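The values are calculated or read from the model by the stated rules, or taken from the named source; none is laboratory data. Keep in mind that what you see is a predicted model, and the values were worked out from it rather than measured. When we count neighbours, we look across all protein chains shown, and the Cβ atoms used for this are built from the backbone with ideal geometry, even at glycine.
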Amino acid sequence: MDDHVLKGQTYRVLAVQGAQLVEREVPMLNALNEVLRDDFIKDSIGGVGRWNKVIEKAGITFRLAAPHKAFHRNIGSLAGVKVSPDGRVVNAAEWGSHVDQWLPSDGDRAFVASLMGRVVEPGKFANWIAPPAMGINRQPADFEYVRFG
């Protein structure tokens, strides 16, 4: 897209004012990353909605939810601002008391790491990977793709 097409256009972005999230108009050229982020979030929310339909159809009463776009930002103007998944600016104490509920804890990471056993034997698959119906280039699934020695 040419720069001149964006001149004079603006976009609303989030900023923090006091302890509140507020929107402010900025020149479109300065907001292109935010535009892409908003498009990604829109697609992600659609995906979460599709998963929720699958969960509901299975008779499970659990629902997934996408967090607020300001939650746990590490780059941009909201980097380091403590925002809850529902979009509230929170202080360090509230963040610290909930962070392990909102994000994977050290225990969560250790549990997932414990599931990730290394499997290198031809025809064998880690317990978290479904075996393919056939191998690459129609080779059998137990084809020895890499030979050592």
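Things to note:
- Residue match in the stretch 19-39 (condition: in contact with a Ser or Thr (Cβ under 9 Å, 6 or more places away or on another chain), among the charged types (D, E, K, R), exposed (fewer than 12 other Cβ atoms within 10 Å of the Cβ) and at negative phi): yes
- Flag for Val35 being among the β-branched types (Val, Ile, Thr), part of a helix (DSSP H, G or I), more than 30 Å from Phe143 (Cβ to Cβ) and modelled with pLDDT of 95 or more: no
- Considering only residues in the stretch 69-122 that are basic (Lys, Arg) and touching a strand residue (DSSP E or B) at 6+ places or on another chain (Cβ under 8 Å), the one that is surrounded by the most Cβ atoms within 10 Å (Cβ to Cβ) turns out to be Lys82.
- Scanning the stretch 42-96 for residues that are of a type in the set (Phe, Trp, Tyr) and either outside any helix (DSSP H, G or I) or in contact (Cβ under 8 Å) with a residue 24 or more places away in the chain (or both) yields Phe62, Phe71.
- Residue check, Arg50 at pLDDT below 95 and out of contact with any helix residue (DSSP H, G or I) (no Cβ under 6 Å at 6 or more places or on another chain): no
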